[in-house]
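Shown next, in structure tokens, is the structure this report addresses.
The values are calculated or read from the model by the stated rules, or taken from the named source; none is laboratory data. From a predicted model like this one, the values you see are computed outputs, not experimental measurements. All Cβ positions, glycine included, derive from the backbone under ideal geometry; neighbour counts span all protein chains shown.
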Amino acid sequence: MRTSTVFVRILGALLGVIVLGVGGVYGVSEWKLRRQYDAPLTPLHAQGLPDVAAGMHMAKVVGCWAGCHGKEAEGGHLFIDGNIVSVSPTLSQVLPLYSDDELVRLIRYGVKRDGRTAVGMISHTFWSLGDQDLVNIIAHLRRQPVRPPVNRRRELTFRGRIGLITGAWKVSAEQVDRSIPRWGELPRTTSFERGRYLASITCSECHGLDFKGNPLEGGPSLIVLAGYRPDQFRHLLHTGKPIDGRAIPKMSWMPDVDFSDQEIADLYNFLREYHHLPSGFDGT
């Protein structure tokens, strides 16, 4: 009788620890999702008037158009494998709720109007966007017709909640490194400088801010470019397919971007020089 009583007590204690642990995971993860994040409202200072055509191209480059929010910003799906499933909103339903300054804060800092963080928005890659490009993107998006809203949902798994509190993955506001220079506001007179800017807003989501790989997204180090000739790199950016011809779902958006020859050359030159490889493309 005494043995069974001890066993019951031990079992009860273990169950209590488990319940406390699960409750702690949910509590801390919800706090991260619901807490207020400090980020400034900073007006943009563009060098010229909004260029809607350039804005559409840059919207594709950064992935909010023909990317995370669907082909034409009608809404899309986000998956972080085993962690979260989320539906990105229809942008024509969201943009009217935001002033331009609030929209810039959301894009660059990952902080919404209510001060809470976005989840799954790649603001850490948008951080480098220059003011003129942001003005152009916002002008393009605000000109789009109103589309019916998608059904919003966000499903965060228990594994995802553990990853959130351990730092295995982060909400948007926590991913932004404000110490990194904003490359879009620095000179872009050389092929290297232009490529650095493009790589920071295009490649860093999947390949890391240092372009050395991102285990969470499964993106390899871009040292793999050592095996690419210029024509093969051009083919990659036009088709989203590497030199072995595989279909990579996470690169399926690339054909929609229609990168220019100059952009391809600049990206190639920067990424190879960054990884201490000869350039191969003519660039000035």
Worksheet item: How do the pairs read when you match residues in the range 143-159 that are in a loop (DSSP other than H, G, I, E, B) with residues anywhere that are loosely packed, with under 13 Cβ neighbours inside 10 Å and modelled with pLDDT under 90, using Cβ under 7 Å and keeping only pairs 6 or more apart or on different chains?
Response: Thr157/Gly82
Item to complete: Check the range 168-177 and report whether any residue there is over 24 Å from Ile248 (Cα atoms), loosely packed, with under 14 Cβ neighbours inside 10 Å and free of Cβ contacts under 8 Å to residues at least 40 places away in the same chain.
Response: no
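The rows are residues; the columns are (1) in contact with a helix residue (DSSP H, G or I) (Cβ under 9 Å, 6 or more places away or on another chain); (2) crowded, with 20+ Cβ neighbours inside 10 Å.
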{"site": "Gly27", "(1), (2)": "no, no"}
{"site": "Tyr37", "(1), (2)": "yes, no"}
{"site": "Ala59", "(1), (2)": "yes, yes"}
{"site": "Leu78", "(1), (2)": "no, no"}
{"site": "Arg105", "(1), (2)": "no, yes"}
{"site": "Gly110", "(1), (2)": "yes, yes"}
Worksheet item: Here are Ser86, Ser123: which of them is of a type in the set (S, T, N, Q) and either on the phi > 0 side of the Ramachandran plot or without any contact (Cβ under 8 Å) to a residue 60 or more places away in the chain (or both)?
Response: Ser123
Worksheet item: So which residues in the range 253-274 are assigned to a loop (DSSP other than H, G, I, E, B) and either assigned by TED's automatic domain parsing to the domain that holds Leu78 or under 20 Å from the mean Cα position of the chain (by Cα) (or both)?
Response: Trp253, Asp258, Phe259
Worksheet item: Considering only residues of the range 213-252 that are within 18 Å of the chain's Cα centre (by Cα) and hydroxyl-bearing (Ser, Thr, Tyr), which is farthest from Arg196 (Cα to Cα)?
Response: Ser252
Fill in: Within the range 177-217, tally of residues that are in a helix (DSSP H, G or I) and more than 21 Å from Ala59 (Cβ to Cβ)
3
